[in-house]
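Asks: To start, I am sharing the structure in question, which I have written as structure tokens.
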Amino acid sequence: MQQHRILIVEDEEIIRLGLQDNFELENYEVETACDGDEAIAKTDSFQPHLILLDVMLPKKSGFEVCRFIRKKHPECIIIMLTAKTEETSKVAGLDMGADDYVTKPFSILELLARVKAFLRRIDLQKQPAKQLASVDAIDFADIHLDFKKYIATKGGNPLELSTREFQILKYFWQRRGEVILREDLLQDLWGYTPDNMPSTRTIDNHIVNLRRKLEDDQANPKIILSIRGAGYKFDA
Ligand code: CA
């Protein structure tokens, strides 16, 4: 089962360990960082869904970290932990792009509830390819695909596929049986973000070409199925 990943950034050890224990008990995958630089490095390597970010930190302040992460990982949810009760701290946090803030001392139950509410909105099934199982070669119908050597055959005969077509088929295989939106492909393979999405026609063109190469009868596809109004489904 996939778990949501939470990064806890807090220089005070007692608070950090306390938070870690509590979130691990709730079945989250947790990493911690003690200062601003480590927070940024761990965000890159661990790719958390949500960050609990203390404001007063060594090396870089929580605000600096927040501004930085917001630019590079716009999808990451950031909850600031602040010891200051002044309105300025709250406003600054929201200005820097934090999603929420919690004032210390906080109730752990309340914090857990807020985190849960944020993470409920994230569908783990639609996470980028990073978490998909790695696969070197697959066989389906009369087709063999070798993703390492970029070799494909159909019925034992060589099949010419572009690198992009190999990527699409690998992605389809990893999500076989699921409905795959055109937007999923544009985001996960092409790297577009929801606010700079191009026309999805480019995907449809790729699918037409793939069907021509893979399907016995293009007009009646059995491998790459169209799901009306949604996208495609790979049936292997
Ligand atoms: Ca602190």
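Asks: Counting helices only, and only those DSSP H runs with n ≥ 4, report the 222 nm mean residue ellipticity of the chain as the sum of -39,500 (n - 2.57) divided by its residues, in deg cm²/dmol to the nearest 500.
Replies: Calculated mean residue ellipticity at 222 nm is -11500 deg cm²/dmol.
Asks: Using the basic label-point model (7 angstrom from Cα toward the beta carbon), what is the Asn220 to Glu12 distance in nanometres?
Replies: With each label point 7 Å from Cα toward Cβ, the separation is 7.0 nm.
Asks: Name the residue from Gln218, Gln47, Ile207 whose Cα lies farthest towards the positive end of the charge dipole of the chain, charges +1 on Cβ of Lys and Arg and -1 on Cβ of Asp and Glu.
Replies: Gln218
Asks: With each label point set 7 Å from Cα along the Cα-Cβ vector, what nm distance links Val135 and Glu178?
Replies: According to this spin-label approximation, the distance is 1.2 nm.
Asks: At 7 Å along the Cα-to-beta-carbon direction for both Thr202 and Lys149, put a label point, then send me their distance in nm to one decimal.
Replies: With each label placed 7 Å out from Cα toward Cβ, I get 3.1 nm.
Asks: Hey, another quick one. Residue separation times 0.36 nm, minus the C-alpha to C-alpha distance between Ala113 and Ser162: what's the value?
Replies: Gain on extension, Ala113 to Ser162, equals 12.9 nm.
Asks: Please give the length that would be gained between Arg70 and Glu29 if that part of the chain were fully extended, namely 0.36 nm times their separation in residues minus their C-alpha to C-alpha distance (nm, one decimal).
Replies: 12.6 nm
Asks: Starting from the Cα of Met56, move 7 Å in the Cα-to-Cβ direction to define the label point; list residues of segment 3-25 whose amide nitrogen is under 12 Å from there.
Replies: 11-12
Asks: Are there chymotrypsin sites (Phe, Trp or Tyr not before Pro) in segment 136-173 that DSSP puts in a loop and that have at most 12 other Cβ atoms within 10 Å, and which ones?
Replies: Qualifying residues, ordered by number: Tyr150.
Asks: Please state the charge dipole magnitude for the chain, taken about the Cα centre, from unit charges on C-beta atoms (+1 on K and R, -1 on D and E), reported in debye and rounded to the nearest 20.
Replies: 860
Asks: Anyone know which of Leu186, Leu109, Leu53 comes out most mobile in the 10 Å Cα GNM of the chain?
Replies: Evaluated over the chain, the most mobile residue of the options is Leu109.
Asks: Report the calculated FRET efficiency for Ala83 and Asp44 (r = Cβ-Cβ distance, R0 = 30 Å), to the nearest 0.05.
Replies: Between Ala83 and Asp44 the formula returns 0.65.
No value in this document is a laboratory result; all are computed from the given coordinates. Keep in mind that this is a model prediction, so the values were computed, not measured. Note that each Cβ is placed from the backbone with ideal geometry, even for glycine, and that neighbours are counted across all protein chains shown.
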